[in-house]
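This report refers to the structure that appears directly beneath it.
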Amino acid sequence: MTDLLRADDNGIRRAGALLQAGRLVAMPTETVYGLAARFDDAAAVQAVFDAKQRPAHDPLIVHISPSLVGRDVVEGLVDLGLVDPLAPAQAQAVRSLAAAFWPGPLTLVLPRGPRVSDAVTSGLAEVAVRMPAHRDAQALLDAARHPLVAPSANRFGRLSPTTAQAVLDELDGRIDAVLDGGPCPVGVESTVLRVRADGSTERLRPGAVSDRDIAGCLGAPPEAPPPRGDAPSPSPGQLPSHYAPATPVFVGEAGAIPEGLHRVATLAWQDADWWASQVAAEGPRVLASAALSEQGDPAVAARALFSTLRTLDEAHADCIVVEPPPEGDGLLDALRDRLARAAAPRG
Ligand code: TXA
Ligand code: MG
C-alpha cells in the first residue's frame, strides 16, 4: 500500500520519518518525481533498484539540500563523505557551477567519496550529485536529515513521472509513500555534467541547463558525447531505449512513417490538427492527437512531454507518430534526446 501524502508540514514530517527509517518515498523535484531513499542505507538503496526493476549497472544520483552542504559546496560535499577532495581547478569549476545553477536542474559527476557505496555508483569511481530547486524536495531532504538517492520514480525503461498520479501508475504498492507536490515545472530530467580534474567538463545527458549556459559560466562549453548510435554510451544507464511508453514511437516526417500502421496517435511540435492531417494523408487512421506547445516554447513543451506521451499511450494505437522538435541547445536537445530514446528499438 502506497500512501499519498500532501506536501504540507505533516506530510513532509511523515515522509522524512519514513526515509530516516530506511523506507522509500517518491518526491517532487523541479525536473521529474524521484524515488528517494537514504544514500547510506544499503538495504534501502537495494530496495530502490528492486522497486524500479532497475539493473544494477545503472548508477543513482545523490540529492542534497543547501542546509545539508552548508556555506561552501565543495567543503560540504567532502565533509558529507559524498565526494573526494577535488583538484584546485575542479573545485573552482564546481564552485562556479553551483553558484550559477544550484539549486537547480544540473547534476555534477565528481570523484566519489568514502561514504558512497558501490551500489549507488554501480561500482564507478565517480558519483553524481544534484541539489534540487523544488521547495518540497529541499524540505524533505532537511526532514530526512541525510542525502537521498533519487532516480526517476518510474519502472525501468519507462517514462519519467511528472505528477504524483503518474508515480502511482508506475509504482503503486511497491513503495511506501508519494509526496504530492503538484506537476513538475521543468518536466525533463537534469543535465548531467562530468567535471574533470583540470576543470573542463563533459555533458553526459542534455537538460534544462544548456551548453551555452555552461559556457557562459565557465568560459568554455562542455564536450558533447559522441553522436547517438556510435560508440558505447558515455554515461552508464543512458541506454538507447529508455523513456518509452508501451506504444511504439516513431519520430520523423509524415512521408517516412513505417508500413503497416493502421491506427496511430500523433504528437505535433506546435499544431496538433496540421500534423494529424499530414499523417492521415499517408493512410493511417488517427485515434488521438496532441501538440507539445502551440507557441513552440521549449519550456512549455518540456513540461508537457512525459504527461502527453502517457495520455497518448492510452489510445492503444499501433504507434505514436511524433513530429521532430526543432534542433537546438538545452531543452530542445533534451526533448530530441528523450524522444529518440522513446523511439529506439527495445531490447
Ligand atoms: O532530474 C533528475 O536528474 C532526476 C530527478 C529525480 O533528480 N533523476 C534522474 O535519475 O533522472 P535517473 O536515475 O533516472 O538518471 C540518472 C542518470 C543515470 O542513468 C546515469 O546516466 C547518470 O545519471 N549517472 C548517475 N551516476 C552517474 C555516474 N557515477 N557517472 C556517470 N553518470 C551517472
Ligand atoms: Mg530515469
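Quick notes
- Cα shape, the stretch 1-71, gyration tensor, a/c 1.5 rule: oblate
- Inter-site label distance for Ala215 and Ala99 at 7 Å from Cα along Cβ, in nm: 2.2 nm
- 9 Å beta-carbon shell around Arg155, net charge (K/R +1, D/E -1): +3
- About its Cα centre, the chain has a charge dipole of approximately 700 debye under the convention of +1 per Lys or Arg Cβ and -1 per Asp or Glu Cβ, with nothing else charged.
- Alpha carbon centroid spacing (whole Å) that separates the stretch 281-346 from the stretch 54-76: 31 Å
- P(r) of the chain over all Cα-Cα pairs, binned every 10 Å from zero, in whole percent: 6, 26, 33, 24, 9, 2, 0
- Relative packing of peptides 95-104, 66-75, 148-157, 189-198 - highest average C-beta neighbours within 10 Å first: 148-157, 189-198, 95-104, 66-75
- Summed residue charge, Cβ within 13 Å of Ala26's Cβ, Lys/Arg positive, Asp/Glu negative: -3
- Percent RCO, i.e. relative contact order, over the chain, from Cα pairs under 8 Å lying at least 6 residues apart: 20 percent
- For the pair Ser67 and Val300, the difference between a 0.36 nm per residue extended length and the Cα-Cα distance amounts to 80.8 nm.
- Once the chain from Arg145 to Arg285 is taken as fully extended at 0.36 nm per residue, the excess over their C-alpha distance is 45.1 nm.
- Net charge, Arg212 excluded, C-beta distance under 11 Å - Lys, Arg +1, Asp, Glu -1: -4
- Helix 298-313 axis, angle to the chain major axis (alpha carbon atoms, nearest 10°): 70 degrees
- Nearest-ten-degree value, helix 42-52 long axis tilted from longest Cα axis of the chain: 0 degrees
- Interatomic Cα distance distribution for the stretch 249-347, bins of 10 angstrom, percent: 17, 53, 28, 2
- Computed over the Cα atoms of the stretch 45-199, pair by distinct pair, the Kirkwood hydrodynamic radius stands at 16.1 angstrom.
- Once C-alpha pairs closer than 8 Å and six or more residues apart are averaged by separation and normalised to the residue number of the stretch 96-197, the relative contact order reads 32 percent.
- When only Cα pairs below 8 angstrom with a gap of at least 6 residues are kept, the stretch 160-221 shows a relative contact order of 23 percent.
- Span from the the stretch 203-222 Cα centroid across to the the stretch 7-42 one, whole angstrom: 29 Å
- Folded to 0 to 90 degrees: helix 135-144 orientation relative to the chain principal axis, Cα: 40 degrees
- Relative to the Cα centre, the charge distribution of the stretch 152-301, modelled as +1 at Lys and Arg Cβ and -1 at Asp and Glu Cβ, gives a dipole magnitude of about 360 debye.
- For the chain, calculated [θ]222 nm from helices alone, where every DSSP H run of n ≥ 4 adds -39500 (n - 2.57): -9500 deg cm²/dmol
Readers should treat all values here as calculations from the given coordinates under stated rules, not as data from a laboratory. For clarity, every value in this text was computed on a predicted model and none was experimentally measured. Glycine also receives a Cβ, built like all others from the backbone with ideal geometry; neighbour counts cover every protein chain displayed.
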